[in-house]
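Notes for the one structure printed next.
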Amino acid sequence: MADLKRGKLYVVTGPSGVGKGTILEKFFNNNKNIYFSVSMTTRCPRPNEKEGVNYFFVSNEEFDRAVKNDELLEWTEYSGNFYGTSKKFVENALLKGVDVLLEIETQGAKKVMEKFPDCITIFFAPPSFEELESRLRGRHTEDENAIQKRLSAVRDELSMAEKFKYNIVNDEVESAYTKLQAVYDFESGGK
């Protein structure tokens, strides 16, 4: 029996409000042979988010326990909340030959890139900083203080875009999705 070919790890990142979730929803509807790694977070769910689908929503104590037990591939604090990726889930899927996509914030992506130098990295950028600010404000999910924290983080994130193999500007969802699909088709060899 031949050995299974190891799966590929795709790391998708970009500033909050850039539209990653919308693009990835379309991507996963059209690609059933890649796993989405659901991260855990200490932030409260947004109105349309579902437990175990968008995130695993956990308490600060549960998150601390996972960190102390070395259960996370990466973790970080972002705008006052903690986010992390299950090490076990990712490693098990890759060993079974399954491709895995992580949608994580930029600092977490850098940590994964250090541990998996051969991962495929994709950075989603907004058409402009002003457009991104408008999208964040249009959500009506955060107060002004939280928005200002996110905007401050966005400036840092945008400065790191060149560290990623692929950069996709989300000026229009269909166009950004098509570019993501082209990256996946190329990197996966048309799996």
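Each reported figure results from applying straightforward, stated rules to the coordinates on display, with no laboratory input. Keep in mind that this is a model prediction, so the values were computed, not measured. Using ideal geometry, Cβ is built from the backbone for each residue, glycine included, and neighbour counts are taken over all protein chains shown.
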Next item on the list: Work out the FRET efficiency for Asn167 and Arg6 from their Cβ-Cβ distance, taking R0 = 25 Å, and round it to the nearest 0.05.
Entry: 0.45
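Please work out whether segment 67-122 counts as rounded, prolate or oblate from its C-alpha gyration tensor, where a ≥ b ≥ c are the square roots of the eigenvalues and a/c under 1.5 means rounded, while otherwise a/b larger than b/c means prolate and anything else oblate? Don't jump to the answer; show the numbers that get you there.
On the way: a/c = 2.09, a/b = 1.37, b/c = 1.52.
Here segment 67-122 falls in the oblate category.
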Check: How far is it, in nm, from the label point at Asp143 to the one at Thr22 when both lie 7 Å from their Cα along the line to the Cβ?
Finding: 2.8 nm
Notebook entry, point to check: Can you give the calculated 222 nm mean residue ellipticity of the chain, where each DSSP H run of n ≥ 4 adds -39,500 (n - 2.57) and the sum is split over every residue, rounded to the nearest 500 deg cm²/dmol?
Noted result: -13000 deg cm²/dmol
Notebook entry, point to check: What is the distance, in nm, between label points placed 7 Å from the Cα along the Cα-to-Cβ direction at Glu49 and at Leu95?
Noted result: 3.0 nm
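Looking at segment 72-191 only, what percent of DSSP beta bridges run antiparallel? Nearest 5 please.
Counting DSSP beta bridges with both partners in segment 72-191, the antiparallel share is about 60 percent.
Please compute the contact order of segment 1-90 in relative form: average sequence separation of alpha-carbon pairs under 8 Å and at least six residues apart, divided by the residue count, as a percent.
Details: 82 pairs, mean separation 21.6, N = 90.
Contact order relative to length: 24 percent.
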Next item on the list: Take Asn30, project a point 7 Å from its Cα along the Cβ direction, then tell me which residues of segment 73-104 have their backbone nitrogen under 20 Å from it.
Entry: 99-103
Margin query: Taking the Cα centroid of segment 1-43 and of segment 131-191, what is the distance between the two, rounded to the nearest whole Å?
Written below: 14 Å
Next item on the list: Please say if segment 1-93 is rounded, prolate or oblate, where rounded means a/c under 1.5 for a ≥ b ≥ c the square roots of the C-alpha gyration tensor eigenvalues, and otherwise the choice is prolate for a/b larger than b/c and oblate otherwise?
Entry: oblate
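So what is the relative contact order for the chain, in percent, with contacts set as C-alpha pairs under 8 Å and at least six apart? Could you put the intermediate results ahead of the total?
On the way: 280 pairs, mean separation 62.7, N = 191.
Across the chain, relative contact order equals 33 percent.
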